[in-house]
Amino acid sequence: MNPLQQNIHAYIRLDDEDGYVAECMEVAVVTQGKTLDEVSQNLVEAVSLHLEGEDLAEFGLVAQPSLAVTFELKPEYAQV
């Protein structure tokens, strides 16, 4: 039996038309928002609602998993 995962991984990418899109890797959750703050809040809410009342072990997750997020920035945001 595989150990249960502590993290749910998500990826946020820029969508030129609508702002940002977030997609989870382990659970079927996709959401969007106009800003990084908005998409992050929507992601937390969507994951919570998706897993509400579920047996997290069936998803391979511990009882209170963390949400680990990777996001993509355009080069102009990365200037030092």
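For the range 31-45, a residue qualifies if it is under 17 Å from residue 71 (Cα atoms) and out of contact with any helix residue (DSSP H, G or I) (no Cβ under 8 Å at 6 or more places or on another chain), and the qualifying residues are 34, 35, 36, 37, 38, 39, 40, 41, 42, 43, 44. Go through the residues of the range 47-64 one by one and say whether even a single one is at positive phi, surrounded by 14 or more Cβ atoms within 10 Å (Cβ to Cβ) and assigned to a strand (DSSP E or B). No - not one qualifying residue is present in the range 47-64.
Taken together, the values in this text are just the output of simple stated rules run on the coordinates, not laboratory data. Being a predicted model, the structure only gives us computed values, none of them experimental. We place every Cβ from the backbone using ideal geometry, glycine too, and count neighbours over all the protein chains shown.
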